[in-house]
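Trainee: Below is a structure I'd like to ask you about.
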Amino acid sequence: MAEYLKLGHMRKVEDDALNGSKRCYLPHHPVVKEASTTTKVRVVFDASCKTSSGISLNNTLLVGPVIQQDLRTIVLRSRTRQVMLVADAEKMYQQINMNPTDIPLQSSLWRFETDETYGMKRTSLRR
C-alpha cells in the first residue's frame, strides 16, 4: 500500500470529502509469494464482494468490448513465426487513470498511523 501511495496510484481522502459522496470500500488482502525475490507481497482488491445491498462494484461497472483475441488464436499465430516476443505488463491495471469523481468508488481503509481512507486514483480492478 505504501508503494501505491508513493507511485501516486492512490491518495488520502480527507474526512470532510467523505460527507455526501457515494463511496464503495473495496475489501483487499495480501497474496504472499515466498519464492519471489522481487515482489513477495501483492495486494488483491475484491470488487466482486457484495455490499449490504447485495450488489458488488463489478455489477455496477460498464463492461467495454473485448479487444484481445482468444488465447487459442494467439498461440496458433505465434507458431507461424520464427520469433515470438513475450512481456509481463507490470502493474497493467494501475496504468489507467480514474475520473476524479469516481475515486471514492474505489476506496480502501488502511492503517499507516491511524485508520485512514484512501481512494485509488488509478484503476485496480480486474474482471
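Trainee: If you take the residues in segment 1-29 that are open to solvent by 70 Å² or more (accessible area, probe 1.4 Å) and within 20 Å of residue 57 (Cβ to Cβ), which one is modelled with the highest pLDDT?
Mentor: 29
Trainee: Further question on the same structure: Could you grab me the full set of residues in segment 23-62 that are in contact (Cβ under 8 Å) with a residue 60 or more places away in the chain and more than 15 Å from the chain's Cα centre (by Cα)?
Mentor: Hit for segment 23-62 is 23, nothing else.
Trainee: Among 118, 93, which is of a type in the set (Ser, Thr, Tyr), outside any loop (DSSP other than H, G, I, E, B) and at pLDDT below 70?
Mentor: Numbers: 118 fails: at pLDDT below 70.
Residue meeting the stated conditions: 93.
The values are calculated or read from the model by the stated rules, or taken from the named source; none is laboratory data. Note that the structure is predicted; figures quoted are calculated from it, not measured. A quick note on method: Cβ atoms are made from the backbone with ideal geometry, for glycine too, and the neighbour counts reach across all protein chains shown. For the accessible areas, the whole protein counts, side chains as well, though only heavy atoms, and no ligand, DNA or RNA atoms are used. Shrake-Rupley method; radii C 1.70, N 1.55, O 1.52, S 1.80 Å.
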